[in-house]
Amino acid sequence: MRSHSTQWSLTILCFVLGLLLMAQFRTQWMTSRTLLTTSSAEQLAIISSLVENNARLREEMEALEKQLSEYQQATGRAVLGPLVEELNKVKIINGLVEVSGPGVEVSIDGPIGVLDVQDLINELRNVGAEALTINGERLTLYSVVASTEDGAITVNATQLSRPYILQAIGQPEIMETALLRRGGLIATLERNYEGLAVSLIRREKMVLPVYKGAIEFVYASPVE
Amino acid sequence: MPGNEHESGALAIRRLEAEQEELKESIGQIREQLNKYQRELAANTEMLKEISAELKRQKMMAGLLAVTGPGVQVTLDDSNIQSVPATADPSTYLIHEYDLRDVVNLLWMAGSEAIAVNDERIVATTSIYCVGSTIMVNDTRLSSPYLIQAVGNPVAQEDVLSNPAYLNEIKRKAALHDVQFKVDRVKMLTLPAYKGGFPIHYAQLGD
């Protein structure tokens, strides 16, 4: 049964193909015949119009090709690249993107005050910190270190609990040397607060989260 | 009619017609590609516009644009007293870098949107420190008097600065030792843009 139906299908297919071939042959034969039956004068007229037309088409093609190569050179990618790079850099500065890199981690457990924390942040910025967090809160230009009435330290309006852990991305050795030098900030804190537990660890890689607050301008407008 | 010539005429026609077909085909393809590029360019132009607008916003936040607006001007200066009593601590007659730091931090707390000290714009990487008796901001030497200008809500700014919970040391130095501490409301301040660089060598985008 199966081979029988296959045979039928093949027969039909061959028939259809035959018809198509015939049709093709007829058209070709007819156009040839038409060309052969036209007068030489007519042939010449056709040839000259074809030559003219093809020349126009070639001209059009060349113009389009020129346009195409212009577009290929100016798709805007050349400008977009550096612009995106600059944007990303400013976003790192603004704390509005997650960043990673080497640096130091300073852990302090003790009753230090707001001004001490501000001094620590100032010192880390002074030695080239490119991104900073305290207890996971990313510090931006607009971050405020303050304290509640009962003395707890707040950053970005979030209350911190001890120990205070500052993470700073930058050159680890430079930051370590600056913070641990004799008479430096950590030494001063240890002198001012008896029993203060301070540790500084160099880190090969830390990931600092994005600042979660919003920065909006109500009073300031850019000078054009 | 010479048959050979006639046939070669027919051949030429067919050859020309075939060429015409090819040309039309190529033109069609090029037009299609051009359309594709034009669409891409339009999309990029749109993106360019968006990125430029976003960059401007980010630069404004970073302190890279000069800004104007209302706010306060805080003037701090060392004491005018010619001779400090021998028993007194001379440092209590002076303005120190931590005094500036304190005022700047309180101005941020009061919601300021831009701050400059003696025309040095405060930015995310700014540190206020001293070398000997010279105060440095953005690694630039400042000389007294110190003028801190902050764009923001002047009422909120004055409230914080006059709050007895803050700036106790400066206020005491002003009351006892004639150290200058003055807050003036200004209708329209203009703060310059930060002119330094933001060297980023270690921080990378993402994890």
Problem set entry | Among residues of segment A:199-224, those that are touching a Leu at 6+ places or on another chain (Cβ under 7 Å) and either open to solvent by 90 Å² or more (accessible area, probe 1.4 Å) or closer than 13 Å to residue A:123 by Cβ (or both), counted | 1
Problem set entry | Top-ranked residue in segment B:99-137 [being open to solvent by 20 Å² or more (accessible area, probe 1.4 Å) and part of a loop (DSSP other than H, G, I, E, B); ranked as nearest to the other protein chains (Cβ to nearest Cβ)] | B:125
For this session: Say whether the condition of being over 22 Å from residue A:53 (Cβ atoms), more than 9 Å from chain A (Cβ to nearest Cβ) and of a type outside the set (A, V, I, L, M, F, W, C) is met by at least one residue in segment B:7-14.
Result: no
Exercise. Name the residues in segment A:36-48 that are facing chain B (nearest Cβ under 9 Å) and either surrounded by fewer than 12 Cβ atoms within 10 Å (Cβ to Cβ) or in contact with a strand residue (DSSP E or B) (Cβ under 9 Å, 6 or more places away or on another chain) (or both), would you?
Worked result: A:39
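Residues B:65, B:41, B:23, B:34: which one is at the interface with chain A (Cβ under 9 Å from one of its Cβ atoms) and modelled with pLDDT of 95 or more?
Values: B:41 fails: modelled with pLDDT of 95 or more; B:23 fails: modelled with pLDDT of 95 or more; B:34 fails: modelled with pLDDT of 95 or more.
Unique residue meeting the criteria: B:65.
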Exercise. From the list B:152, B:196, B:206, B:111, which one is among the small types (Gly, Ala, Ser) and without any contact (Cβ under 8 Å) to a residue 40 or more places away in the chain?
Worked result: B:206
For this session: Exactly one condition in (1) over 24 Å from the mean Cα position of the chain (by Cα); (2) open to solvent by 40 Å² or more (accessible area, probe 1.4 Å); (3) under 23 Å from residue B:137 (Cβ atoms) is not met by residue A:89; state its number.
Result: (1)
Exercise. Does residue B:25 satisfy being assigned to a helix (DSSP H, G or I), open to solvent by 70 Å² or more (accessible area, probe 1.4 Å) and out of contact with any strand residue (DSSP E or B) (no Cβ under 7 Å at 6 or more places or on another chain)?
Worked result: yes
Exercise. Identify, please: which residue in segment A:81-135 is part of a helix (DSSP H, G or I) and touching a residue at least 60 places away in the same chain (Cβ under 8 Å) and is, among those, nearest to the other protein chains (Cβ to nearest Cβ)?
Worked result: A:94
Problem set entry | Among the candidates A:178, A:168, A:146, residue that is over 18 Å from residue A:90 (Cα atoms) and part of a strand (DSSP E or B) | A:146
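State which residue is nearest to residue A:222 (Cα to Cα) when the search covers only segment B:145-160 and only residues that are open to solvent by less than 40 Å² (accessible area, probe 1.4 Å) and of a type in the set (A, V, I, L, M). Before the answer, list the steps.
Of segment B:145-160, the ones open to solvent by less than 40 Å² (accessible area, probe 1.4 Å) are B:146, B:148-152, B:154, B:156-157, B:160.
Next, from what is left, pick out any that are of a type in the set (A, V, I, L, M): B:148, B:150-151, B:156, B:160.
Numbers: B:148: 19, B:150: 14, B:151: 11, B:156: 21, B:160: 25 Å.
Here the residue is B:151.
Condition first: of a type outside the set (Lys, Arg) and in contact (Cβ under 8 Å) with a residue 60 or more places away in the chain. Now tell me which residues in segment A:199-214 satisfy that.
Kept after step one, since they are of a type outside the set (Lys, Arg), are these residues of segment A:199-214: A:199-201, A:204, A:206-211, A:213-214.
Once the filter is applied, which keeps residues that are of a type outside the set (Lys, Arg) and in contact (Cβ under 8 Å) with a residue 60 or more places away in the chain, segment A:199-214 yields A:199, A:200, A:201, A:204, A:206, A:207, A:208, A:209, A:210, A:211, A:213.
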Exercise. Name the residues in segment A:104-117 that are open to solvent by 20 Å² or more (accessible area, probe 1.4 Å) and touching a helix residue (DSSP H, G or I) at 6+ places or on another chain (Cβ under 9 Å), would you?
Worked result: A:114, A:115, A:116
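On the given criteria, is residue A:141 in a loop (DSSP other than H, G, I, E, B) and buried (at least 18 other Cβ atoms within 10 Å of the Cβ)?
Details: in a loop (DSSP other than H, G, I, E, B): yes; buried (at least 18 other Cβ atoms within 10 Å of the Cβ): yes.
Taking the combined requirement at face value, the residue satisfies it.
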For this session: Have a look at B:167, B:176, B:142 and point out the one that is more than 22 Å from residue B:119 (Cβ to Cβ) and surrounded by 18 or more Cβ atoms within 10 Å (Cβ to Cβ).
Result: B:167
Problem set entry | Output for segment A:55-80, where each listed residue is open to solvent by 50 Å² or more (accessible area, probe 1.4 Å), at the interface with chain B (Cβ under 7 Å from one of its Cβ atoms) and at pLDDT 85 or above | A:58, A:60, A:65, A:67
Exercise. Within the bounds of segment B:190-206, is there any residue that is open to solvent by 50 Å² or more (accessible area, probe 1.4 Å), farther than 30 Å from residue A:207 by Cα and either acidic (Asp, Glu) or touching a strand residue (DSSP E or B) at 6+ places or on another chain (Cβ under 8 Å) (or both)?
Worked result: yes
For this session: Please give the number of the condition residue A:179 fails out of (1) open to solvent by less than 60 Å² (accessible area, probe 1.4 Å); (2) closer than 25 Å to residue B:121 by Cβ.
Result: (2)
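What do you reckon, is residue B:30 among the β-branched types (Val, Ile, Thr) and over 60 Å from the mean Cα position of the chain (by Cα)? Reasoning before the result, please.
Numbers: among the β-branched types (Val, Ile, Thr): yes; over 60 Å from the mean Cα position of the chain (by Cα): no.
The answer is no for residue B:30.
The values are calculated or read from the model by the stated rules, or taken from the named source; none is laboratory data. Computed from a predicted structure; not experimentally measured. When we count neighbours, we look across all protein chains shown, and the Cβ atoms used for this are built from the backbone with ideal geometry, even at glycine. In case anyone asks, the SASA skips ligands and DNA or RNA and just uses the protein heavy atoms, side chains included. Shrake-Rupley method; radii C 1.70, N 1.55, O 1.52, S 1.80 Å.
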